[in-house]
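Have a look at the structure below, then the notes.
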Amino acid sequence: MTRPSLTVLLAAPRGFCAGVDRAIQIVEKTLEKYGAPVYVRHEIVHNKFVVENLRAKGAVFIEELDEIPDATRPVIFSAHGVPKKIPADAASRNMFYIDATCPLVSKVHKEAERHFAQGRQIILIGHAGHPEVVGTMGQLPEGAVILVETTEDVARLEISDAQPLAYCTQTTLSVDDTAKVVQALTLKFPHILPPHKEDICYATTNRQAAVKEIAARCDAMMVIGAPNSSNSNRLVEVGLVYGCQKATLIQRASDIDWAWLAGVNILGLTAGASAPETLVEEVISAIRQNYDVCVEEVSITQENVVFNVPRILREEAA
């Protein structure tokens, strides 16, 4: 039987960003240098495939430091960042820890600390409960950071006109949605200070821009990523807003709903910033088994950002 034809528009950039790549390297190099087990507080990045691969190499994922039975073993903090109390707790227990926080998240932390030191109330645009938001708010005393998610949240803010203000954002938000919240903030508080440089990271911005480029051409779109991945969920939303009739999030090829694909002639495909390219290849391979596939990569820019791992992991083991 003749297989139906399907054009796959492959968005680029997609997949791993520099911060995710660095965090995974940190776990791998720590295992190479110090052996297993190496403890990792929370998922190093939001991707089950990545986490399971690292677990197979000897990484042990925990939620809190008191789950570590041997305080002499290395512990790594995830790419999303952690509240200041976590490394302080590790230090008080004489633990050897390595911080895998993405440098672009650390930039937000430092800017928030600078604003606080200069007497400003900080407003953080982000999703409540997300590890990055928990980490950013945890850099400062309680009350120093007010979280808003929507323009409605901004409307409810009651802050004295005399209070100096600054805002910062989670790095993995929708560019368009965040712009609306920023506009609401600046209309309500004309003197609020913006970030010195855009907080939404280059990778989030580029992946959303690539989806915008192909969305209107697609009958359907698949985003490869984890259900708890903020940037991956935003890609699904962007696809729908920019003209794709239906879009879905899958973790890997086994999640494909073939009935959902019925009648689709042009499929958009991308991957969130914590999804490896091997999962993209796996999905395309699975689709080829059911369709006569033509893959067209649509690239809007080239990324060449690289973040070094900590110096201790670049030094030769004693």
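Just so it is clear, none of the values below were taken in a lab; they were calculated from the coordinates. Keep in mind that what you see is a predicted model, and the values were worked out from it rather than measured. Every residue, glycine among them, receives a Cβ derived from its backbone with ideal geometry; neighbour counts consider all protein chains shown.
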How much net charge surrounds Lys48 when only the other residues with a Cβ under 14 Å from the Cβ of Lys48 are counted, with Lys and Arg +1 and Asp and Glu -1?
-> -2
By the DSSP-based rule, helices of the chain that are at least 15 Å long along the axis (C-alpha) and have a mean Kyte score of at least -0.5 are 18-34, 175-188, 202-215, 230-241, 277-288
Exposure proxy check: Glu296, Glu132 ranked by fewest other beta carbons within 10 Å?
-> Glu296, Glu132
Burial-style ranking of 82-93, 44-55, average other-beta-carbon count within 10 Å with highest first, yields 44-55, 82-93
Please say if the stretch 49-109 is rounded, prolate or oblate, where rounded means a/c under 1.5 for a ≥ b ≥ c the square roots of the C-alpha gyration tensor eigenvalues, and otherwise the choice is prolate for a/b larger than b/c and oblate otherwise?
-> oblate
What value, in deg cm²/dmol to 500, does the helix sum -39500 (n - 2.57) over DSSP H runs of n ≥ 4 give at 222 nm once divided by the residues of the chain?
-> -11500 deg cm²/dmol
Shape of the chain, Cα gyration tensor, a/c cut at 1.5 = oblate
Report, by chain and number, residues whose modeled amide H sits under 5 Å from the one on Gln251, excluding near sequence neighbours (fewer than 5 apart, same chain).
-> Gly225
If we count other beta carbons within 10 Å of each Cβ, what is the order of Val182, Val27, Val175, fewest first?
-> Val175, Val182, Val27
Please state the relative contact order of the chain as a whole percent: Cα pairs under 8 Å, 6+ residues apart?
-> 27
Fewest-first ranking of Ile214, Ile312, using other Cβ atoms within 10 Å as the exposure measure = Ile312, Ile214
